[in-house]
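The values are calculated or read from the model by the stated rules, or taken from the named source; none is laboratory data. Keep in mind that this is a model prediction, so the values were computed, not measured. Positions of Cβ are generated from backbone atoms using ideal geometry, with glycine treated the same way; all protein chains shown enter the neighbour counts.
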Amino acid sequence: MRTTTLALVIVSLALATAGPAVAGYGAVAYDQDARKQGSAWDEDTQQRANDAALKDCGSDGCKVRFGVPPGKCGGLATPESGNSWGGAVRDKLDAARVAAIKNCQKRAKGECKIRENKCNK
């Protein structure tokens, strides 16, 4: 009985002292001319996600095209050639992928393919 009580006290203290859950912010950057993309996921602020996506993109022409809030999913689609792109933020990964491709196809001459697709915490 004492061992069980002690274990419960230890678990309760561990849960009480645990820090708050970290929300995950994301961002997708894209350089239309160089056709380079970058992304960041599960960052602790939107600004850090934006900065990390730009760094990942690696081009002076990269711009953050959209942010992805905590608990949401993002997708970026581009065709094989040309500078069109489409992006989307949705609740589910598949929904973000489908919407990004549809948004890309509105402007692209060729078939769009998903280039980035992930969800935040």
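When ALA21, ALA14 are checked against the criterion of being modelled with pLDDT under 95, part of a loop (DSSP other than H, G, I, E, B) and surrounded by fewer than 16 Cβ atoms within 10 Å (Cβ to Cβ), a single residue qualifies: ALA21.
Could you grab me the full set of residues in the stretch 27-70 that are of a type in the set (Gly, Ala, Ser) and in contact with a helix residue (DSSP H, G or I) (Cβ under 7 Å, 6 or more places away or on another chain)?
Within the stretch 27-70, the first condition is being of a type in the set (Gly, Ala, Ser), and the residues that meet it are 27, 29, 34, 38-40, 49, 52-53, 58-59, 61, 67.
Within the stretch 27-70, ALA27, ALA29, GLY38, SER39, ALA40, GLY67 qualify.
Taken over the stretch 78-88, the criterion of being crowded, with 19+ Cβ neighbours inside 10 Å, within 17 Å of LYS63 (Cα to Cα) and not hydroxyl-bearing (Ser, Thr, Tyr) is satisfied by TRP85, GLY86, GLY87, ALA88. Surrounded by fewer than 14 Cβ atoms within 10 Å (Cβ to Cβ), at pLDDT 95 or above and either at positive phi or outside any strand (DSSP E or B) (or both): is that true of GLY61 in this structure? Against the criterion (surrounded by fewer than 14 Cβ atoms within 10 Å (Cβ to Cβ), at pLDDT 95 or above and either at positive phi or outside any strand (DSSP E or B) (or both)), GLY61 qualifies. Looking only at the stretch 89-121, filter to residues that are among the acidic types (Asp, Glu) and surrounded by fewer than 19 Cβ atoms within 10 Å (Cβ to Cβ); which one of those is nearest to the chain's Cα centre (by Cα)? By that ranking, first place goes to ASP91.
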